[in-house]
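Below is one structure, written out as structure tokens; the observations come after it.
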Amino acid sequence: MKKITPSGVILLVAYIATIPLANLVVTQFGAVPVGFGFLAPAAVYFAGLALVLRDLARESVGRRAVFGAIVVGTVLSYLLAAPALATASAVAFIVAELLDFAVYEPLRKRGLIVAVVGSNIVGLLADSLIFLKMAFGSFEFLPGQIIGKAWMTVAAVAALALLGRRKTMIHRRA
């Protein structure tokens, strides 16, 4: 079991916060542009961020704490939105996060970036398919959902690569 550090707590809180924020923005803003002429429900960016934060929290605080956060996030998702949206969001969230978790763990042996990319692909597809079908009864926004969540994964991978490079440069100087 990993020791929970202040940075780990911040990652867990940020991860859990993405769920109610996703529900809030989708009800307030509806569909938003995600690039290449596609639209997606505004929650797309927070849902994509949740996938990334889950992986980073796993690295920081371990599996048990993240599993607890998935449960808390699912309950919050259900409690803080309109019933139809809450159900779609909660089901999509729990399934996507558990699939993300299942893919991340074995891929982690191949490196952090491989695990983040692989698990996020599975998580974003599951979340998008389930949420869109349950919330809207349609896959009209599917391309936009995939693009929006992919942007978050690309941003996370870029940040992780830069941090890894910076860490390597610091160790070389020492």
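The values are calculated or read from the model by the stated rules, or taken from the named source; none is laboratory data. Small disclaimer: the values here were computed from a predicted structure and weren't measured. Here the Cβ positions follow ideal geometry from the backbone for every residue, glycine too, while neighbour counts run over all protein chains shown. Heads up: the accessible areas ignore ligands, DNA and RNA and are worked out on the full protein's heavy atoms, side chains in. Shrake-Rupley method; radii C 1.70, N 1.55, O 1.52, S 1.80 Å.
If the segment from VAL72 to PHE36 were pulled out straight at 0.36 nm per residue, it would be longer than the present Cα-Cα gap by 9.5 nm.
For the chain, the solvent-accessible area works out to 52 Å² per residue, with a probe of 1.4 Å and every protein chain left in place. For the chain, the dipole from Cβ point charges (+1 on Lys and Arg, -1 on Asp and Glu) about the Cα centre works out to 1020 debye, to the nearest 20.
Carbon-plus-sulfur accessible fraction, the chain (probe radius 1.4 Å, protein heavy atoms only): 73%.
In nm, what is the difference between 0.36 nm times the number of residues separating ARG110 and LEU142 and their Cα-Cα distance? Intermediate results must be reported in sequence, preceding the final value.
Values: separation 32, 0.36 × 32 = 11.52 nm, distance 2.95 nm.
Length difference between fully extended and current span is 8.6 nm.
Excluding residues fewer than 8 places away in the same chain, name every one of the aspartates and glutamates whose C-alpha is closer than 20 Å to that of LYS109. The qualifying aspartates and glutamates are ASP55, GLU59, GLU97, ASP100.
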